[in-house]
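Nothing in this text is a laboratory measurement; each read-out follows from the coordinates by a stated rule. Everything numeric in this text was worked out from a predicted model, so none of it was measured. A quick note on method: Cβ atoms are made from the backbone with ideal geometry, for glycine too, and the neighbour counts reach across all protein chains shown.
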Amino acid sequence: MAPRRARRGPAQLGQKAVKHVAEVSRKQQKTLKRRFGVSPRKKIVHGKVYWVVWLGKRLTGNKRKAHYFSGRKGAVRFINRTQIDREQRGQDAFCIPTKLRLEAADCSRRLEAVGATLTMAADYYLERAPIPGKDQKFELACDAFIESRRAKKRRSRTIVQYESYRRRTSEEFGKLAVREILREDLEDWVEEHPGWEARTQRNYIKFFCTLFNFVVKKGWRSDNPAKLIELPNEEERPPGFLHPDQAAELLRQAYWRARDLLPAIVTGLFGGPRRSELCQLLCSEMDVETRQIEIKGIKAKTRQRRIITINDLLLEWLAFTGFPDSEHLTTKPSPDWFGEQLHELAVAAKIVPWPHNGLRHTYGTFHFAKYRNENSTASEMGNTPDVVFKNYRALVKEPLVSQFWDLTPAKVLGPEVVFDQNPGDPTKLAATLPA
């Protein structure tokens, strides 16, 4: 048996290697460079000759890449194929490894037999793959969603509303996996409550949509079944407000039944903050000297700080009532508690049914009717001028406007009551008002 021939290194190649390198003419190199922007170059690695093709950023769109070939013909074929790929598929062709391109082409041919695509196959697999959390239950998904909202510092009232939605919806879907719930299931559940108003139905559909957006981001399912549910049309009705006679009776009942709430009620009726803003309002945030009420951004619905002007009528009422001994204007910073107290006063004043957001809408209606300036009313209420013009335009006539803005303590309760509580001039600020 002949002895194995020793591997020859660069020193053993000698003149033969030099002669092999010189075989490619410089004319051929220039031709390839001119046509394709690249040309093969020889390189000796560990005594072996290779042809190297460098693809620069102009071709790959990313980093330079080197490709090695044992022969010149293979390098030239690669350059030709590279040029064709670039013309057909652009720079993306060079970002995909060759093995992956070949696998994708093979899978595409196999799927053509059943009229499917790679995207359809991927979606089908992801829908059924045993991914951790794929069988997440609806009620647990709701819990995770609410916790994420707490982490994002959502308002406490918003969290309470989400928890209410969770309790109601979990009665139907609580034990089901989120990936098993269909759009038809959600639609049927909403339609099973015909007594709900369109606004309530819209709120639940929006909750489903927000919840399943969270589920999709978590990877527990690939689509949002609530996204395609059509929202029911909500009948446009002008906001309800109190007649001046009703407002006067409400103030009388508050004076005799719940005097501690009277400062908050007159602020809502003649200042127009939202109920959530009113219940978080501190007495120290009401400056009677500058005649301004500060609604801080953290308490406002729009998260934007605004200033409410203390008008003459509100100032006269605050001078009469003073402020409560508590830190908050409503004595308790609870919108639900304040709503219950207000409902009892409304029943006593025979204002049934109570209009939604009655205090705020009453202020908006009569403020816009008095000044006829949607920008001014919007600035006071924290709305846009378009919303103010749409909701409060042409709701009351001039005699009612004058009657409302003339609801002074003396007109509502009688001069004898006002005089007995504040001897002297009843229009001066009471001693309980903060400096």
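Remind me, what semi-axes does region 138-218 give for its equivalent ellipsoid, largest first in whole Å, using sqrt of 5 times each Cα gyration tensor eigenvalue? Spell out each step's value before the answer.
Working: eigenvalues 81, 53, 22 Å².
They are 20, 16, 10 Å, listed from largest to smallest.
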Highest mean packing first, using Cβ neighbours within 10 angstrom, the peptides 175-182, 40-47 sort as 175-182, 40-47
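Could you give the alpha-carbon Rg of region 158-291 over 2.2 N^0.38 Å, rounded to two decimals? Walk me through the intermediate numbers first.
Details: Rg = 21.5 Å, N = 134, 2.2 N^0.38 = 14.1 Å.
With N residues counted in region 158-291, Rg over 2.2 N^0.38 Å equals 1.52.
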Low-density loop trypsin sites (Lys or Arg not before Pro), region 300-400, at most 11 other Cβ within 10 Å, DSSP non-H/G/I/E/B, are Arg303, Lys350, Arg372, Lys397
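Give me Glu398, Glu187 sorted ascending by neighbouring Cβ count inside 10 Å, so fewest comes first.
Glu398, Glu187
Exposure proxy check: Tyr255, Tyr392 ranked by fewest other beta carbons within 10 Å? Each step should come with its number before you reach the end.
Numbers: Tyr255 19, Tyr392 25.
So the residues, fewest neighbours to most, are Tyr255, Tyr392.
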If Thr117, Thr365 are placed from fewest to most neighbouring beta carbons inside 10 Å, the sequence is Thr117, Thr365
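Starting from region 135-164, pick out the trypsin sites (Lys or Arg not before Pro) whose DSSP state is loop and whose Cβ has at most 11 other Cβ atoms within 10 Å. Walk me through the numbers on the way to the answer.
Values: sites: Lys137, Arg149, Arg150, Lys152, Lys153, Arg154, Arg155, Arg157; in loops: Lys152, Lys153, Arg154, Arg155.
Passing both the DSSP loop test and the Cβ count: Lys152, Lys153.
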